[in-house]
Amino acid sequence: ALEALKRRGLKLIVRNYRCPLGEIDLICEDGATLAFVEVRYRASRRYGVAAATVDARKQQKLIRAAGHFLQKHPQHRERPARFDVVAVEGDAMQVDWIPDAFQTRGLA
């Protein structure tokens, strides 16, 4: 997932950010924008697509963890931010990057 994002120009800031409020898989820069990225993997679509597993409860955990990150790293507070999902599926490891996923795909 990270390599796919790097190929698209994103730069890694933190991998596996953990705090008492949750975890964020990747925090990246996309130009001036901070991207909080949730990575999901599904071996098959038998029980649905990987991106669909980022439900409202998971979104709230990500939002809280992102707030914690911004409190601890004030240099990033004024930057625009978004939440992305990278869905990886199947043996072929097909990668689907969904920028601004909470807004654009109705994952709420």
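The values are calculated or read from the model by the stated rules, or taken from the named source; none is laboratory data. For clarity, every value in this text was computed on a predicted model and none was experimentally measured. Cβ coordinates were reconstructed from backbone atoms using ideal geometry, including for glycine residues, and neighbour counts include every protein chain displayed.
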- Query: Do you know which of the residues in region 33-54 that are within 13 Å of the chain's Cα centre (by Cα), more than 30 Å from Glu78 (Cβ to Cβ) and not small (Gly, Ala, Ser) is modelled with the lowest pLDDT?
  - Reply: Thr53
- Would you be able to tell me the number of residues in region 1-43 that are polar (S, T, N, Q) and in contact (Cβ under 8 Å) with a residue 40 or more places away in the chain? 1
- Query: For region 79-97, how many residues are touching a Lys or Arg at 6+ places or on another chain (Cβ under 8 Å) and modelled with pLDDT under 90?
  - Reply: 4
